[in-house]
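Single-structure report; data block below.
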Amino acid sequence: MEFLPLFHNLRGARVLVVGGGEIALRKSRLLADAGAVLRVVAPQIGAELHELIDSSGGEELLRGYSEADLDGCVLIIAATDDEPLNAQVSADARQRGVPVNVVDAPALCSVIFPAIVDRSPLVIAVSSGGDAPVLARLIRAKMESWIPPTYGHLAGLAARFRHQVKNLFPNVQQRRAFWEDVFQGPIADRQLAGQGAEAERLLQAKIDGEAPAATGEVYLVGAGPGDPDLLTFKALRLMQQADVVLYDRLVAPAILELCRRDADRIYVGKQRADHAVPQDQINQQLVALARQGKRVVRLKGGDPFIFGRGGEEIEELAAHGIPFQVVPGITAASGCAAYAGIPLTHRDYAQSVRFVTGHLKNNTTDLPWKDLVSPAQTLVFYMGLIGLPIICSELIRHGRAADTPAALIQQGTTSNQRVFTGTLANLPQLVAEHEVHAPTLVIVGEVVTLRDKLKWFEGAQASI
Ligand code: SAH
């Protein structure tokens, strides 16, 4: 190991920064965040750095560096573009045995800055010993995505209860098991969901030995339109800690793969006989599983609140006092439009976009057709394949031009995506010609022509 990672308590300590430019500013920001008192020496100092020095209660020396500037400093940073000067500062600091960092010159450093993931009080530092800072930064970026921004609050929660837990369990093993349980269970979930008071209440109850409430929790998670890359961080985190996952037809297998390996998976979509599990049965199942203390993920295609019957499911949960969270997902309209190269709105073509269900009750034309024919409006039909001939003819009958551009996007965002463009007049014919199947989204409006203008082609999105 070339460098030993240590975390430096700089609160109230004086740190010398030699240099007044952009790099000095960047380092100074970190130092000020850690509570250091800045002493900056440079013939010129930028306005932002000036303010930072001021607010850190530090001092600004508008002149060249001199060895005496090191007096009283616990850490030295050389951030000038003058190499001999940087080398001089490094030599002076080493002479005195004070840690020194020279920006972009690992050989002159006794300490180096790592890439940092800050979830204070939890801080993760990554270093390549100065050999490959870009690699360290890439690893940092990965960690930023794994670890939710509120993760540090868990450490705060632990800090508040540390003494109580220590008194309760003098034995280290017991303590460890206790905290592992807390950090991976419903208490942590509450804290991460921003319900700090509830997390504290549960933790106190656990310490007091009260039997934990047997109720689990339900997460209504939007899984997006198909490409697993379009999941949110929150969706992925909850999927990886679920005890049970209820999913339906629209959830792509590649997404299901990302759920916790040993989670029970329950399919509630269409069965072989083509009968979907009735909605009220799903609602009851969610309640029953949560009552067994399970953490249940109800995984839904797209967004749970857009034609996803999410509203009905949470109504039932609320009625039974089951805690739940709703995680939004990328809805099919956004996903398919982006991957097919069709902007849903555009200054010149569409000032509004409307998401419409194409599922016609009893095959009747019960949509507000008059509202749907305004020319500067994009229409997106979900579940519109079966009723497509009616949809197209009614739109034309109510005044939308027969040559209005329209698109069909089948299995959008997945590797099986197919896109067909035509007009209101020939769209049903395209369905028959190309054997278009569900799930397919229908987009109607001038914006569809932009696909050609943008010279979009299948595979234009890197992830397809
Ligand atoms: N809650 C979902 C929509 C459920 S309704 C969402 O927000 O996306 C089901 C309809 O969504 C399908 O009939 C189809 O019209 C559309 N749909 C969902 N995923 C799709 C996909 N990957 N490609 C095309 N259409 C899709």
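The values are calculated or read from the model by the stated rules, or taken from the named source; none is laboratory data. Small disclaimer: the values here were computed from a predicted structure and weren't measured. Backbone-built Cβ (ideal geometry, glycine too); neighbour counts: all protein chains shown. SASA here: full protein model, heavy atoms, side chains in, ligands and nucleic acids out. Shrake-Rupley method; radii C 1.70, N 1.55, O 1.52, S 1.80 Å.
Given N residues in region 151-207, what is Rg(Cα) / (2.2 N^0.38 Å)? It would help to have the intermediate numbers written out before the result.
On the way: Rg = 10.6 Å, N = 57, 2.2 N^0.38 = 10.2 Å.
Relative to the 2.2 N^0.38 Å estimate, region 151-207 comes out at 1.03.
Could you give the length gained on full extension between Asn416 and His434, defined as 0.36 nm per residue of separation minus the Cα-Cα distance, in nm?
Details: separation 18, 0.36 × 18 = 6.48 nm, distance 1.38 nm.
Full-extension gain reported as 5.1 nm.
Each residue of region 402-412 was assigned a 3J(HN,Hα) from its phi angle through the Karplus curve 6.51 cos²θ - 1.76 cosθ + 1.60 (θ = phi - 60°); the sequence is 5, 8, 4, x, 8, 9, 10, 10, 9, 6, x Hz, with glycine and proline shown as x. Ordering Ala425, Leu450, Leu408 by the projection of their Cα atoms onto the charge dipole of region 333-460, which places +1 on the Cβ of Lys and Arg and -1 on the Cβ of Asp and Glu, puts Leu450 at the extreme positive end. Shown in residue order for region 240-251 are the 3J(HN,Hα) couplings computed by the Karplus curve 6.51 cos²θ - 1.76 cosθ + 1.60 at θ = phi - 60°: 7, 10, 6, 8, 9, 10, 9, 9, 10, 3, 6, 7 Hz (x for Gly and Pro). Rounded to the nearest 20 debye, the dipole size of the chain about its Cα centre is 960 debye, using +1 on the Cβ of Lys and Arg and -1 on the Cβ of Asp and Glu.
Which entries of Lys166/Lys294; Lys166/Lys206; Lys166/Lys234 have Cα-Cα distances beyond 24 Å here? Present the calculation step by step, with values, prior to reporting the outcome.
Numbers: Lys166/Lys294 29 Å; Lys166/Lys206 14 Å; Lys166/Lys234 32 Å.
The answer is Lys166/Lys294; Lys166/Lys234.
Just from its helices, what would the mean residue ellipticity at 222 nm be for the chain, if runs of 4 or more DSSP H residues each count -39500 (n - 2.57) and the sum is divided by every residue, rounded to the nearest 500 deg cm²/dmol? Could the numbers behind the result be given before it?
Values: 17 runs with 170 residues, N = 464.
Here the helix-only value at 222 nm equals -11000 deg cm²/dmol.
Across Arg347, Arg260, Arg63, the residue with the most accessible area heads the list, and the full order at a 1.4 Å probe is Arg347, Arg63, Arg260. Helix 133-146 and the longest principal axis of the Cα set of the chain meet at an angle near 50°.
Could you rank Phe305, Phe7, Phe161 by how accessible they are, 1.4 Å probe, largest area first?
Phe7, Phe305, Phe161
Under a 5 Å amide H cut-off, with hydrogens placed 1.01 Å from N, Gly216 pairs with Arg291, Gln292, Gly293, Lys294 among residues at least 5 apart or on other chains.
List the trypsin sites (Lys or Arg not before Pro) within region 1-56 that fall in a DSSP loop (any state other than H, G, I, E or B) and whose Cβ has at most 11 other Cβ atoms within 10 Å.
Arg11
Here each label is just a point 7 Å from Cα along the line to Cβ, and for Thr357 and Ala288 those points are 2.6 nm apart. With the highest mean first, a sort of the peptides 310-317, 289-296, 142-149 on other beta-carbon atoms found within 10 angstrom per residue produces 289-296, 310-317, 142-149. Per-residue SASA remark: Phe233, around 140 Å² accessible (1.4 Å probe; ligands, DNA and RNA not included). Extending 7 Å from Cα along the Cβ direction at Glu83 and again at Glu48 yields two label points whose distance is 2.8 nm.
Between Leu122 and Glu198, the simple label model (points 7 Å from Cα in the Cβ direction) yields a spacing of 2.0 nm. Rank Ile124, Pro84, Val436 by how far each Cα sits towards the positive end of the charge dipole of the chain (+1 on Lys, Arg Cβ; -1 on Asp, Glu Cβ) and give me just the farthest. Of the candidates, Val436 comes out farthest on the positive side. In whole angstrom, note down how far apart the Cα centers of region 381-436 and region 240-262 are. The two parts, judged by their Cα centres, are 31 Å apart. Distances between placed amide hydrogens fall under 5 Å for Gly341 paired with no residue 5 or more residues away or on another chain.
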